[in-house]
Each structure stands twice: as structure tokens, then as C-alpha cells.
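Peer 1: Structure incoming, see below.
The values are calculated or read from the model by the stated rules, or taken from the named source; none is laboratory data. Nothing here was measured: the structure is a model prediction, and the numbers come from that model. Note that we place each Cβ from the backbone using ideal geometry, even for glycine, and neighbour counts take in every protein chain shown. Ligands, DNA and RNA are stripped out before the accessible areas are found, and what is left, the full protein with its side chains, is counted by its heavy atoms. Shrake-Rupley method; radii C 1.70, N 1.55, O 1.52, S 1.80 Å.
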Amino acid sequence: MRRVLEHVSTWMRSAGLDVRLDPASNVIGRRSSSQAGAPALVIGSHLDTVPNAGKYDGVLGVLLGVAAVQALGCRRLPFAVEVVGFSEEEGVRYRSPYIGSSALSGRFDKALLDRRDERGIAMADAFRAFGLDPDNVAQATYRPGSILAYFEAHIEQGPVLDACDLPLGIVEAIAGQSRLRVAFEGHAGHAGTSPMTLRRDALPAAAELILEVEQQARCVPELRATVGSIAVEPGATNVIPGVATLSLDIRHAEDEVRSKALAGLLDRAGEIAVRRQLTFRVVEAEHHNAVPADSQLTGMLASAVADAGLEARRMVSGAGHDGAIVAAIAPMAMLFLRSPGGASHHPDEAVHLGDVRTALDVILRFIDKLATSRLPAGER
Ligand SMILES: [Zn+2]
């Protein structure tokens, strides 16, 4: 990560940006405004990634920001422009996403500093080892009104734009998400001696629920519901499963639709448990509401796309992004670039060079529109 930060800093400097590393390890390049004290257009995305990842998730959005500033040359704008490379959006090491963007938005949870990675190293010590003071993370927070607009370009990470043969999409909202761990509990027993009618097998109940999740999600437009992992106890070939624990991930752009779907599935799980003489319980649940993009900024972005001669396709992001966090303190807009084959979080992740050129063109048009919109921070 240190080498990435050095590399990106070099590119930022050569684009004329003043570079600093903030207390949460976000790298920030700033181009000041012709008007002193003017708020900033922040163009950002993340620099970290997942194991065995592709090249474009996150990084592309940072480099498009650098390229946009480079293309601006010495043009004077009524706002500053900052390009931010966020740290730990995927948050693999500490199983906690959005660390950099949470710090910048004043939402960093200090309790995370005690969390340990797989080798037992506390996050606070990881900060120190990197040369940062964990007690200073709060200083990364932007003061209210200092961000005029937040913009993020990101690969779609899904197949929709590719299937429609469109290079770009405009994000209307980042989907809300519920993540649960649920468990069916029955009774473990001998696979040879227990008659089928006298068993309390937890696994077939889990299997029923998994099919129910798939079926229900197919009936609700734009709902995504996934069982991504399952654990069976005791987990031996000759033992009837006593406990089956499964994950459940449900996403939708409308929180009500998501909550209703989730409630329906939990009811169904309860029914399955009763019929099979098992118990059912929710072990863990985490809910994040949907985050709408700012309608004025999104309108400007849509007209920038249309001015570039393209169809302005609006879409919902099923994946989370730094933009969802920064939206708490600033109006936010996001642009998606087509992901050929929908590949992401995989070495096959790709972009078409022409799409990247088109995205840069659209970003510059968007900056033009923002420069003439006369909408200072605080007015929205
Ligand atoms: Zn990403």
C-alpha cells in the first residue's frame, strides 16, 4: 500500500496537485480554486482491493480524477478540486469496509482500533506501524460545507451495461443491504440407526430456505437475495446434521421492499422449522439503508452523458461504494463504466479503453456544468 500511495502521489503531483496523506491513510491531491476558501469538488474512489482481484475496481476512479485535473490545465474554476484515493474501502484485513471514507466523513468507529487481524495485530498497531497515529483519525474529518460535491467513477462490476452495449451508466442510488446469519437447530444422530421419520435434521430445512430465497427474489423486481455460505455441524458423512447456519444477503434500492422481503423470508424459515420440529434463530443481523444520489448532480451528470452523444442510462448500484459514506456529508453522484463480461473481484476484470476516454470526456463536461451552476455548498 505504501508503494501504491507513493506511485499515485507522483501521478497527482505531475498533474499539478498538492498531495498530502491524511491521518486515515487517504491520499489527497488538491488543486486550489480561483476563489479563496471556496468548497471543493471531491473526485474519489479507493486504492485497496481484494485478494486475487482485478486492476480497475477503485483505482480507475482515482486515476480518472487525476486525468481530469491534468486535462483542466490552468483553467480557473470557482471551486477547488480534490482527488482522493481512499484507504480500506474493501477493508479485507480487518473485515470492516469504508475505513478511509468513514474517517473523512466523520463516521469512523473508534472501537475498530481494537479489532485484530488474522495474525492478531490490532488496527491501532497497524496504524502505528504505518507511521500514523491512531488517536488522530478523527482529524481526517472534513468540516461541514467544505465539499461542494462528491463524484465517483467506478466500474459497474456487473453485466448490465455490457448486455445493453452501453459504455456508461448513471447511478441513481446505492442499494440498501441486510446481511444476516441464521441457524436451524435440530438434533445430531447416527446416519445408520435413526429412521427417516424420527430425525430432526437441520440441513434439509436450510436447503428448503435456500430455494425459497431464490424463488422469492425472482418474484420481486430488482431484488437480490443470496445465500453465500453454509456451515453444518458436526459436519461428518455419517452424522445427521444437528445445526445448519447460513448467511443471507438481501439488497434493494428501496428500503421498504428489502425489509418486506426479509420479513417474508424469516416467516417462511419459521414455518419450515415448525414443520420439521426444529428451532430457527437469527444469529447476527446488520442493515444498511439505501443511499440515493443527489438529484441535481445526477441531472448534471445525465446531461453531460447526453451531450457526449450517449444514452443516459440510470441504474442502481448493487455494490457498496465510498460514495455511499461520503453522501452523509456532501451531495454525491456516481458514474459507472461498463465491465466487459460483468467480471469483478477477479483477475478477468477489464475495461474498454474507449469507455475510459468517454468517461473522462463526460467528467470534464460535468465539471463545466458544475462550474456554471452557481450552487455553492450549503444551498443544497
Ligand atoms: Zn470498488
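Peer 1: Return yes or no: is Val4 of a type outside the set (Gly, Ala, Ser), in contact with a Leu (Cβ under 6 Å, 6 or more places away or on another chain) and either outside any strand (DSSP E or B) or surrounded by fewer than 22 Cβ atoms within 10 Å (Cβ to Cβ) (or both)?
Peer 2: yes
Peer 1: Mind listing whichever residues of region 95-133 are open to solvent by 70 Å² or more (accessible area, probe 1.4 Å) and of a type in the set (A, V, I, L, M, F, W, C)?
Peer 2: Ala129
Peer 1: Restricting attention to region 85-106, does a residue exist that is part of a strand (DSSP E or B), more than 12 Å from the ligand (Cβ to nearest atom) and in contact with a Pro (Cβ under 8 Å, 6 or more places away or on another chain)?
Peer 2: No, the conditions are met nowhere in region 85-106.
Peer 1: Please determine, by comparing only the residues of region 310-331 that are surrounded by 18 or more Cβ atoms within 10 Å (Cβ to Cβ) and more than 14 Å from the chain's Cα centre (by Cα), which one is nearest to the ligand (Cβ to nearest atom).
Peer 2: Per the stated criteria, the residue is Met315.
Peer 1: Another question about this same structure. So, in region 20-73, of the ones that are of a type in the set (Ser, Thr, Tyr) and more than 15 Å from the ligand (Cβ to nearest atom), which residue ends up nearest to Asp133 (Cα to Cα)?
Peer 2: Ser25
Peer 1: Turning to a different aspect of this structure: Do the conditions hold for Val62, that is, is it part of a helix (DSSP H, G or I) and out of contact with any Pro (no Cβ under 6 Å at 6 or more places or on another chain)?
Peer 2: Answer is yes for this residue.
Peer 1: Looking at region 9-21, can you tell me whether even one residue there is in a loop (DSSP other than H, G, I, E, B) and either within 30 Å of Asp117 (Cα to Cα) or open to solvent by 60 Å² or more (accessible area, probe 1.4 Å) (or both)?
Peer 2: For region 9-21, residues in a loop (DSSP other than H, G, I, E, B) and either within 30 Å of Asp117 (Cα to Cα) or open to solvent by 60 Å² or more (accessible area, probe 1.4 Å) (or both): absent.
Peer 1: Can you give me the ranges of the strands (runs of 3 or more DSSP E) entirely in region 134-249 with at least 1 residues that are within 16 Å of the ligand (Cβ to nearest atom) and either open to solvent by 40 Å² or more (accessible area, probe 1.4 Å) or touching a residue at least 60 places away in the same chain (Cβ under 8 Å) (or both)?
Peer 2: In region 134-249, 147-155, 168-174, 176-185 are the strands (runs of 3 or more DSSP E) which contain 1 or more residues that are within 16 Å of the ligand (Cβ to nearest atom) and either open to solvent by 40 Å² or more (accessible area, probe 1.4 Å) or touching a residue at least 60 places away in the same chain (Cβ under 8 Å) (or both).
Peer 1: Also, quick follow-up: Find the residue count for region 40-71, including only residues that are of a type outside the set (A, V, I, L, M, F, W, C) and surrounded by fewer than 21 Cβ atoms within 10 Å (Cβ to Cβ).
Peer 2: 5
Peer 1: I'm checking my understanding of the structure. Among residues of region 250-285 that are charged (D, E, K, R) and without any contact (Cβ under 8 Å) to a residue 60 or more places away in the chain, which one is surrounded by the most Cβ atoms within 10 Å (Cβ to Cβ)?
Peer 2: My answer is Arg268.
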